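Scroll down for the structure; my scribbles are underneath it.
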Amino acid sequence: MHTPAAPSSVHALPSYLQADHLGPWGIFLQQVDRVTPYLGDLARWVETLKRPKRMLIVDVPIHLDNGTVAHFEGYRVQHNTSRGPGKGGVRFHQDVTLSEVMALAAWMSIKNAAVNVPYGGAKGGIRVDPRQLSASELERVTRRYTSEIGLIIGPTKDIPAPDVNTNEQVMAWMMDTYSMNVGETATGVVTGKPVDLGGSLGRREATGRGVFTVGVEAARRLGLEINGATVAVQGFGNVGGVSARLFAEAGARIVAVQDHGGTVYRAAGLDVAALTAHVARHGSVAGFEHAETLAQDRFWDVPCDILIPAALEQQITAVNAGRLQARLVIEGANGPTTPEADDILNDRGVLVVPDVIANAGGVTVSYFEWVQDFSSFFWSEDEINDRLIRIMRGAFDAVWQIAAEHHVSLRTATFIVACRRILRARDLRGLYP
Ligand code: GLU
């Protein structure tokens, strides 16, 4: 039995009216301003990027196990569909706001264009702490939310996927709910499904594998050997956990891991398999016995060559960017670095591989999943990983060249590549009517 976290959700001022309204969306707008001078003629379309195409706010009422009714606030934002249907995850988090989902949707537009998968950008979220819900409450929240956003999602309209605190089971419920409503089994409506339900081999690990792949490419260009390098990881979920394992397998030492519950440190390198087992049992890295515990804020001072923020937005800020020890930051999370922190890291010669390329492995294999669902023909895991690595390397290489050509950061370079693709499509389609 759980106490509902609901009353605040029921009575509070809607998050989109609160003073922090601009939050991550304000950051996205700054990123667009930075790229505009490099867009040439296409800059005349740049205003499109500053206005999400479509935003839906839904009320999600459910019966709690104790018989009372709780209401949660849900969102689905389709930022841009010039290049194809909306695509992007759904997150369940108590702090989700409309501004955050707007920014996350916009970053999906950039990301999908950067790796050249034929999608626009979208994102969804529910303002709920899933840890406060029982499994059946979570299922009801998921199903009611899916039904409410059913107006605008669909296999050729907008395709959700997992994100923070959502997983294969949540995708299975979403797929089932949508299918029940339309009267046919529509596997292509979400990606990141269980393999038994039209999911793709390799999807679960894809984001972490992509982080690792571009990390290796970036390290090579810095002359940094992965074998023997030290790595600190923030977030130990699907992205941070898999990245840590792949770096450790390549000979790196994972010296620090931080998650929502605590921070663990071991100079000689943490045992990633043991830590993964600990997290599966206890829900967090906190209390892992083969390591020292660090105070939360000390994480940013840890000596390491590579830092992988793989949790939430706005973690590396003007306050801590000057303290980071790493030479290379690979953004597994979406939006972990603020624009001020970007400048500080740039001035300090720290290379940042931005989210919009670094974590694009997830949506790349989501694209493979969607294609497999449509063709009802499924590929081997080797085939999927080979294609993923090829796409990630090719996209990173293109971004690296643009960065060198224009003397800009990898973030601005990725935005240049992506915005050109999006706005070229916009230009070719023209305005209706
Ligand atoms: N949520 C993931 C992301 O932020 C994956 C999105 C998808 O596969 O559609 O990229």
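The values are calculated or read from the model by the stated rules, or taken from the named source; none is laboratory data. None of these values were measured; they are calculated from a predicted model. In this analysis, Cβ positions are derived from the backbone assuming ideal geometry, glycine residues included, and neighbour counts consider all displayed protein chains. With ligands, DNA and RNA removed, areas are computed over all heavy atoms of the protein, side chains included. Shrake-Rupley method; radii C 1.70, N 1.55, O 1.52, S 1.80 Å.
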- The one condition in (1) at pLDDT 95 or above; (2) more than 16 Å from the ligand (Cβ to nearest atom); (3) in contact with a helix residue (DSSP H, G or I) (Cβ under 7 Å, 6 or more places away or on another chain) that Asp41 fails to fulfil: (3)
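Residue-by-condition table, conditions (1) assigned to a strand (DSSP E or B); (2) more than 13 Å from the ligand (Cβ to nearest atom); (3) within 15 Å of Leu56 (Cα to Cα):
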{"residue": "Glu100", "(1), (2), (3)": "no, no, yes"}
{"residue": "Trp107", "(1), (2), (3)": "no, no, no"}
{"residue": "Asn112", "(1), (2), (3)": "no, no, no"}
{"residue": "Tyr119", "(1), (2), (3)": "no, no, no"}
{"residue": "Ile126", "(1), (2), (3)": "yes, yes, yes"}
{"residue": "Arg131", "(1), (2), (3)": "no, yes, no"}
- State yes or no: is Leu64 crowded, with 18+ Cβ neighbours inside 10 Å and more than 14 Å from Ala106 (Cα to Cα)? yes
- Task: Only helices (runs of 4 or more DSSP H) wholly contained in segment 347-407 count here; list those with 3 or more residues that are more than 27 Å from Gly235 (Cβ to Cβ).
- Result: 361-375, 381-406
- Message: Looking at segment 154-190 only, could you name the residues that are farther than 21 Å from Leu104 by Cβ, touching a residue at least 60 places away in the same chain (Cβ under 8 Å), among the β-branched types (Val, Ile, Thr) and in a helix (DSSP H, G or I)?
- Response: Thr187
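Take Glu383 and decide whether it is farther than 30 Å from Leu197 by Cα and open to solvent by 50 Å² or more (accessible area, probe 1.4 Å). Outline the logic, then answer.
Numbers: farther than 30 Å from Leu197 by Cα: no; open to solvent by 50 Å² or more (accessible area, probe 1.4 Å): yes.
In short, no.
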- Task: Sort out which residues of segment 81-96 are closer than 17 Å to Gly154 by Cβ and either within 11 Å of the ligand (Cβ to nearest atom) or among the polar types (S, T, N, Q) (or both), and write them in order of number.
- Result: Thr81, Pro85, Gly86, Lys87, Gly88, Gly89, Val90
- Message: Please verify whether Leu151 is in contact (Cβ under 8 Å) with a residue 60 or more places away in the chain, away from the ligand (no atom under 12 Å from the Cβ) and surrounded by fewer than 24 Cβ atoms within 10 Å (Cβ to Cβ), treating the condition exactly as stated.
- Response: yes
- Residue count, segment 236-266 (criterion: over 24 Å from Arg393 (Cβ atoms) and either among the aliphatic types (A, V, I, L, M) or buried (at least 24 other Cβ atoms within 10 Å of the Cβ) (or both)): 6
- Note on the structure: Per the filter on segment 168-191, residues within 16 Å of Phe374 (Cβ to Cβ), out of contact with any Phe, Trp or Tyr (no Cβ under 7 Å at 6 or more places or on another chain) and open to solvent by less than 50 Å² (accessible area, probe 1.4 Å) are Met175, Tyr178, Ser179, Thr187, Val190
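Taking Ile57 as the residue in question, decide whether it is at pLDDT 95 or above and open to solvent by 50 Å² or more (accessible area, probe 1.4 Å).
On the way: at pLDDT 95 or above: yes; open to solvent by 50 Å² or more (accessible area, probe 1.4 Å): yes.
So Ile57 fits the description; yes.
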- Message: Kindly evaluate Val46 against the criterion of being farther than 25 Å from Gly192 by Cα, more than 21 Å from the chain's Cα centre (by Cα), open to solvent by 10 Å² or more (accessible area, probe 1.4 Å) and touching a residue at least 24 places away in the same chain (Cβ under 8 Å).
- Response: yes
- Item | Number of the condition not met by Ser200 [criteria: (1) outside any helix (DSSP H, G or I); (2) surrounded by fewer than 24 Cβ atoms within 10 Å (Cβ to Cβ); (3) small (Gly, Ala, Ser); (4) in contact (Cβ under 8 Å) with a residue 24 or more places away in the chain] | (2)
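Just to check your reading of the model, which residue among Arg323, Arg298, Arg348 is of a type outside the set (Gly, Ala, Ser), open to solvent by 10 Å² or more (accessible area, probe 1.4 Å) and either within 28 Å of Glu381 (Cβ to Cβ) or in contact with a Gly (Cβ under 8 Å, 6 or more places away or on another chain) (or both)? Steps first, please.
Values: Arg323 fails: either within 28 Å of Glu381 (Cβ to Cβ) or in contact with a Gly (Cβ under 8 Å, 6 or more places away or on another chain) (or both); Arg298 fails: either within 28 Å of Glu381 (Cβ to Cβ) or in contact with a Gly (Cβ under 8 Å, 6 or more places away or on another chain) (or both).
From the options Arg323, Arg298, Arg348, the qualifying one is Arg348.
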- Message: Suppose we filter Phe378, Phe396 for residues that are of a type outside the set (Val, Ile, Thr), away from the ligand (no atom under 14 Å from the Cβ), surrounded by 16 or more Cβ atoms within 10 Å (Cβ to Cβ) and more than 18 Å from Arg203 (Cα to Cα); which single one remains?
- Response: Phe396
- Would you be able to say whether some residue in segment 327-340 is without any contact (Cβ under 8 Å) to a residue 40 or more places away in the chain and open to solvent by 40 Å² or more (accessible area, probe 1.4 Å)? yes
